[in-house]
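Novice: I'd like to ask you about the structure that follows.
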Amino acid sequence: MSTAAVKQSPLTGWIAGLVLAILFVLSLFTGVDELPFGRVLSDGRGIELVLVSRLPRTLAAILAGASLAIAGLIMQTLARNRYVEPSTAGTAQSAELGILLVTLLWPAANLLTKGLIASAAALIGTSLFLATAHRLPPTQPFLVPLFGLVYGGVIGAAVTFVAWQADLLQYLSIWTNGDFSGVLRGRYELLWLGALMVVFAWFIADRLTIMTLGRDASIGLGIDYRRMLQLGLVIVSVISALSVVIVGVIPFVGLVVPNIVSRLMGDNLRGTLPAVAASGAVLVLGCDILGRLIRHPYEVPVGTVMGCVGGLIFLWLLFRRPSDV
Amino acid sequence: MIRIENVSLRHGSAEILHDISLTIPKGGITALIGPNGAGKSSLLSLIARLQPLQSGTISIDGFPVDTTPNRDLARIIAILRQDSIVASRLRVRELVGFSRFPHSRGRLTAEDRVVIDQSLQQFDLADLADRFIDTLSGGQRQRALVAMAFAQATDYLLLDEPLNNLDMYFARDLMRSLRRIADENGKTVVIVLHDINQAGAYADRIIAMKAGRIAADGSPAELLRPEILQAIFGFRMEVADMGGTPVVLHFR
């Protein structure tokens, strides 16, 4: 088993990369408007379609998927619990609350401002979650995700209440259910900031891995545990908030992808981070393509598709090895 | 030298440590013994700056533990906590490798690899090096954690009940390894032990704690006596002499 696992490691990453490349091409040619392969270069309108809509949409799905998977991984590292992710532990809901408040109080704010304020709100919400999660007994690993669900639910309810009072309920669904159909050139570029966060996470990968050993082991190895917690919180908050602002909540990516990669490759983040990012991109882009095909020429939002696909994968993970908490 | 001066610790109204002053010179094995709740683990985690000092001072080789940068201390002192749980799926070699972080900041050098291999050899882990921690038995996992503390290669090594989960063979093996690094490499080992006979056989000095205070302090021959042990543990036990090594018959 041991040698097989070692050999398997780089392979998982390569497979994810290859599948991603195939999906990338597929995504450029999937949509309402027919776009035969040969017409892309010969026809000016074809190039225009690709550059303005299909390419930005594809890149947005890749960026969102990769960064959300990494955000989930870091969230699990910070909470020292495999069953939390930003969309089920109050981070995404706090970001929604942030955007909603900006929209109410400062309707003219641009995307960057909204993104920043949503990130700040997510940071506060996630810090509160972690402060409580660290007080829960480590012998009860399911308390943390349960608390996260309740906590996220309470904030989500507050968001709905405020939106209802302000007659913004319809507007709200833009953020609560992820959808790439509105992504055009000039409307998704902030997601590159999420990619930047992924690169940053890769630089501190060793420290993050040591943090999974716990506070005492981290301090014993000379790591500034508090500072790393704060850094991790910023990464998680910025990634989640930006993807909520640009495309809306995409559930389960941060939960299932890191868990699957951990099973296959272990938890040494220096080695697994690229595979987690690539697999997250594959999952989200794949679900988006699926959503475009299911009832062509109409679309099913990626948030809905992911809710089904991600939920099934998660159940499979839970039932396959229930003892492996 | 570890110098502890007037250290007290409270959790709410409970007094965990009461005005402890203690000097542990460089080199040799010092065993901390005492009943549950005596404050041994708390003292160890204060020395290793895992808890903030409330009063008093602790310094290691002249570096105060509360003001010296964490990174620098990690090259002087290593600690293995009693309740270390490794929930991450890391391979044994990776886990032991992370102990080199204070030295190489994540990029393993050739020297790091030598130290890691030595440590794996020393604790009979070479065959398990590529196994995930969560597939090991309790004793194997404990050995991996001890190997990790070893590979940090600090002058001071603090171990909190490292014999937990180890069978007789590996318990003896670990104590002999500790003796060897103390004698040959001049390391200073401070170890919390529940098995006082291991302390009697391998330690140079035994410090007995009770209710947050130091109850007795001396060589194994001075300390392992029926009247002293009764005062610490609360029941009478005979002590036999096996060729110069005191053996406490605590089970009778």
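The values are calculated or read from the model by the stated rules, or taken from the named source; none is laboratory data. Just so it is clear, the model here is predicted, and its values are computed rather than measured. Cβ: placed from backbone, ideal geometry, glycine included. Neighbour counts: every protein chain shown. These area figures cover heavy atoms from the full protein model, side chains too; ligands, DNA and RNA do not enter into them. Shrake-Rupley method; radii C 1.70, N 1.55, O 1.52, S 1.80 Å.
Novice: What FRET efficiency, computed as 1/(1 + (r/R0)^6) with R0 = 41 Å and r the Cβ-Cβ distance, is obtained for A:Leu18 and B:Asp130, rounded to the nearest 0.05?
Specialist: On the way: r = 26 Å, r/R0 = 0.63.
For R0 = 41 Å, the calculated efficiency reads 0.95.
Novice: Now a separate question. Using a simple spin-label model with points 7 Å from Cα along the Cα→Cβ vector, what separation in nm is obtained for B:Gln118 and B:Thr57?
Specialist: Inter-label distance under the simple model: 3.4 nm.
Novice: Return the percentage of antiparallel bridges among DSSP beta bridges fully within the protein assembly as shown, rounded to the nearest 5 %.
Specialist: 60
Novice: While we're looking at this one, here's another question. How many percent of the accessible area of chain B is carbon or sulfur, using a 1.4 Å probe?
Specialist: Working: 5290 of 10940 Å².
The value for chain B is 48 percent carbon and sulfur by accessible area.
Novice: So, with +1 on the Cβ of K and R and -1 on the Cβ of D and E, and no other charges, what is the size of the charge dipole of chain A about its Cα centre, to the nearest 20 debye? Each step should come with its number before you reach the end.
Specialist: Values: 21 positive and 16 negative charges, 116 e Å.
Roughly 560 debye for chain A.
Novice: Counting only DSSP beta bridges with both residues in chain B, what percent are antiparallel, rounded to the nearest 5? Don't skip to the answer; put the middle values down first.
Specialist: Details: 25 of 43 bridges.
The antiparallel fraction comes to roughly 60 percent.
Novice: To continue, here is another question. What residue among A:Thr91, A:Thr12, A:Thr126 shows peak mean-square fluctuation when chain A is described by a Gaussian network model with Cα springs under 10 Å?
Specialist: In the Gaussian network model the winner is A:Thr12.
Novice: Give me the percent of accessible area attributable to carbon and sulfur for the range A:204-284, probe 1.4 angstrom. It would help to have the intermediate numbers written out before the result.
Specialist: Numbers: 1120 of 1840 Å².
About 61 percent, which is the carbon plus sulfur part of the accessible surface.
Novice: Name the residues of the range B:88-121, by number, that are at least 20 Å² less accessible with every protein chain in place than in the isolated chain; the surface is that of heavy atoms, probe 1.4 Å, without ligands or nucleic acids.
Specialist: Residues shielded by partner chains are B:Ser88, B:Arg89, B:Leu90, B:Arg91, B:Glu94, B:Phe98, B:Phe101, B:Arg105, B:Gly106, B:Arg107.
Novice: Shifting gears a bit: Compute the separation of the alpha-carbon centres of the range B:60-86 and the range A:50-64 and state it in Å as a whole number.
Specialist: Between the Cα centres of the range B:60-86 and the range A:50-64 lies a distance of 49 Å.
Novice: Still on this structure: Which loop-located trypsin sites (Lys or Arg not before Pro) does the range A:114-185 contain, where loop means any DSSP state but H, G, I, E or B and the Cβ has at most 16 other Cβ atoms within 10 Å?
Specialist: On the way: sites: A:Lys114, A:Arg135, A:Arg185; in loops: A:Arg135, A:Arg185.
Passing sites in the range A:114-185 are A:Arg135, A:Arg185.
Novice: Only loop residues by DSSP count here, and only those with at most 13 other Cβ atoms within 10 Å; note down the trypsin sites (Lys or Arg not before Pro) in the range B:1-101 that meet that.
Specialist: Working: sites: B:Arg3, B:Arg10, B:Lys26, B:Lys40, B:Arg49, B:Arg71, B:Arg75, B:Arg81, B:Arg89, B:Arg91, B:Arg93, B:Arg100; in loops: B:Lys26, B:Arg49, B:Arg75, B:Arg81, B:Arg89, B:Arg100.
The qualifying sites are B:Lys26.
Novice: What aspartates and glutamates does B:Lys210 reach when the alpha-carbon gap must be under 17 Å and sequence neighbours fewer than 8 apart in one chain are set aside?
Specialist: Cα-Cα hits under 17 Å: B:Glu15, B:Asp19, B:Asp160, B:Glu161, B:Asp195, B:Glu227.
Novice: Are there chymotrypsin sites (Phe, Trp or Tyr not before Pro) in the range A:253-325 that DSSP marks as loop and that have at most 13 other Cβ atoms within 10 Å, and which are they?
Specialist: Values: sites: A:Tyr298, A:Phe314, A:Trp316, A:Phe319; in loops: A:Tyr298.
In loop regions of the range A:253-325 (DSSP not H, G, I, E or B), the sparsely surrounded chymotrypsin sites (Phe, Trp or Tyr not before Pro) are A:Tyr298.
Novice: Taking chymotrypsin sites (Phe, Trp or Tyr not before Pro) that fall in a DSSP loop and have at most 16 other Cβ atoms within 10 Å as cut points, what is the longest piece of chain B between them?
Specialist: Values: sites that count: B:Phe235, B:Phe251.
Segment B:1-234 is the longest.
Novice: Another question, then. For the interface of A with B, what's the total buried accessible surface in square angstrom, probe 1.4 angstrom, rounded to the nearest hundred? Working shown, then result.
Specialist: Working: alone 15570 and 12130 Å², together 25280 Å².
The A and B chains share an interface burying roughly 2400 Å².
Novice: What angle do you read, to the nearest 10 degrees and between 0 and 90, between the alpha-carbon axis of helix B:168-184 and the longest principal axis of chain B?
Specialist: 90
Novice: Probe of 1.4 angstrom, ligands and nucleic acids ignored: what's the accessible area per residue over the protein assembly as shown, in square angstrom?
Specialist: That works out to 44 Å² per residue.
Novice: For the protein assembly as shown, what is the calculated [θ] at 222 nm in deg cm²/dmol (nearest 500), taking -39500 (n - 2.57) for each run of four or more DSSP H residues and dividing by its residue count?
Specialist: Values: 25 runs with 322 residues, N = 577.
Dividing the helical sum by the residues of the protein assembly as shown leaves -17500 deg cm²/dmol.
Novice: Give me, ordered by chain and number, the residues 5 or more places off B:Val247 or on other chains with an amide H under 5 Å from its own placed amide H.
Specialist: Placed amide hydrogens put B:Ala240, B:Asp241, B:Met242 under 5 Å from B:Val247.
Novice: Can you give me the distance in nm between label points at B:Met237 and A:Glu48, each placed 7 Å from the Cα along the Cα-to-Cβ direction?
Specialist: Simple spin-label model gives 8.9 nm for this pair.
Novice: Moving on to the next point. Pull out the extension gain between A:Asp33 and A:Ser173, defined as 0.36 nm times the separation in residues minus the alpha carbon to alpha carbon distance; nm, one decimal.
Specialist: On the way: separation 140, 0.36 × 140 = 50.40 nm, distance 2.54 nm.
Result for the pair: 47.9 nm of gain on full extension.
Novice: Between the range B:102-138 and the range A:158-215, what is the C-alpha centre distance in whole Å?
Specialist: So the separation of the two Cα centres works out to 38 Å.
Novice: Right, here's the next one. Set the Förster radius R0 to 30 Å, insert the Cβ-Cβ distance between A:Ala158 and A:Arg135 as r into 1/(1 + (r/R0)^6), and round the FRET efficiency to 0.05.
Specialist: Details: r = 23 Å, r/R0 = 0.75.
Efficiency at R0 = 30 Å is approximately 0.85.
Novice: Shifting gears a bit: So, with +1 on the Cβ of K and R and -1 on the Cβ of D and E, and no other charges, what is the size of the charge dipole of the protein assembly as shown about its Cα centre, to the nearest 20 debye?
Specialist: Its charge dipole is roughly 420 debye.
Novice: Read phi for every residue in the range A:233-239 and hand back ³J(HN,Hα) as whole Hz from Karplus 6.51 cos²θ - 1.76 cosθ + 1.60, θ = phi - 60°, with x for Gly and Pro.
Specialist: Computed from phi, the couplings for the range A:233-239 are 4, 5, 4, 4, 5, 5, 4 Hz.
Novice: Of the options A:Val302, A:Gly266, A:Ile289, report the single residue whose Cα projects farthest towards the positive end of the charge dipole of the range A:256-325 (beta-carbon charges: Lys, Arg +1; Asp, Glu -1).
Specialist: Ranked along the dipole, the leading option is A:Gly266.
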